[in-house]
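The values are calculated or read from the model by the stated rules, or taken from the named source; none is laboratory data. Predicted model, so just to flag it, every value in this text is computed and none were measured. Every residue, glycine among them, receives a Cβ derived from its backbone with ideal geometry; neighbour counts consider all protein chains shown. With ligands, DNA and RNA removed, areas are computed over all heavy atoms of the protein, side chains included. Shrake-Rupley method; radii C 1.70, N 1.55, O 1.52, S 1.80 Å.
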Amino acid sequence: MTTLSEAARPVSGPQQPNEAAEPPVRGLWRQGLVVFCENRLALVGLGLFILLAGVCFLGPLFYHTDQVHTDLMAVHLAPGEQGHPLGTDGVGYDQLGRLMLGGQTSIVVGLAAGLLATALGTLWGAVAGFVGGWADSAMMRVVDAMMSIPSLFLFMLLAAIVTPSVPMLILIIGAFAWLGPARLVRGEALTLRSREYVQAMRGMGGTGGRAVRRHIVPNAIGTVIVNATFQVADAILYVAYLSFLGLGVPPPAANWGGMLSDGLADTYSGHWWLLYPPGIAIILIVLAFNFIGDGLRDAFEVRLRRR
């Protein structure tokens, strides 16, 4: 005779699947996020970027300054004088307000040029690696030829020919910074094109364009995203290089490289506050993106995600 307690006991048998179990893809993304958060330098870099971007883009909403009209009565004021926390420059511009304005230009050009270079390099490398043969050889010889020329020399040449502006700087830097991503993605494409799922898709009549869009690029997304962070950091440095050499956006626009160049001339006169703030800002933003890139590299590493 079956007792009440035995009747309430669950019947043994095959376990039912847990309906609340998360999909494998979501589990991998969550595990990648955990690995990223375990990297303290990556979190520091993310915090630095959020802090700098917030100061540059939200700061002017609370700290209003005139960055268009000069004020020769307030030239080279030391930090703290007449309500200027970081002092003023040689034409009376508030240095803190100028730092915010210059940060907007540097961050926008760096992000846009880095993403443009990553997109162009990803497309070029994926097509070259997947197609192979003479097309791959021709496309990569173009990359090798362009990489043999110093990038900074090309940037200086083009910046001297055309009128510098924010869109033009984005195009100039993006047009030559895609060579590194192209070589990386091409190596990934050479490996992925021989995988069984790609061969099966081609056997069912799939086109090469579909293989690149649906299989090559998505499976190389880890390499692409990690490289994009380093491309942004390099683009910010290129903007600083060009502006330091006088080939950046013309006044009254500003960027950290131009401020660094102006501050270098004034620092010999004892106006140190014109040199250190933009220099420290450039160092911090570049370090931030490099730390973020290191964290993303660990997060996308398959061995770490499946440990």
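How high is the relative contact order of region 34-137, in percent, counting Cα pairs under 8 Å that sit 6 or more residues apart? Please list the in-between numbers first.
On the way: 87 pairs, mean separation 19.9, N = 104.
Across region 34-137, relative contact order equals 19 percent.
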Under a 1.4 Å probe, what is the accessible area of region 32-125 per residue, stated in Å²? 50 Å²
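In region 33-91, what percent of the accessible surface is made up of carbon and sulfur (1.4 Å probe, ligands and nucleic acids excluded)?
On the way: 2680 of 3750 Å².
On region 33-91, the fraction of accessible area on carbon and sulfur atoms equals 72 percent.
Give the Rg/Rh ratio for region 80-180, taking Rg as the radius of gyration of the Cα atoms and Rh as the Kirkwood radius, to two decimals. Write down the numbers at each step before the final one.
Numbers: Rg = 19.5 Å, Rh = 16.2 Å.
On the Cα set of region 80-180, Rg over Rh gives 1.20.
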How much accessible surface does His84 have with a 1.4 Å probe, in Å² rounded to 10? 40 Å²
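Please report Rg over Rh for region 122-172, where both radii come from the alpha carbon positions and Rh follows the Kirkwood definition. If you can, show how the numbers build up before the last one.
Details: Rg = 14.4 Å, Rh = 12.7 Å.
Ratio of gyration radius to Kirkwood radius: 1.13.
So if R0 is 45 Å, what FRET efficiency would Val162 and Leu33 give, r being the distance between their Cβ atoms, rounded to the nearest 0.05? Could you put the intermediate results ahead of the total?
Values: r = 42 Å, r/R0 = 0.94.
Here the calculated transfer efficiency is 0.60.
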Taking N as its residue count, the alpha carbon Rg of region 221-307 over 2.2 N^0.38 Å: 1.42
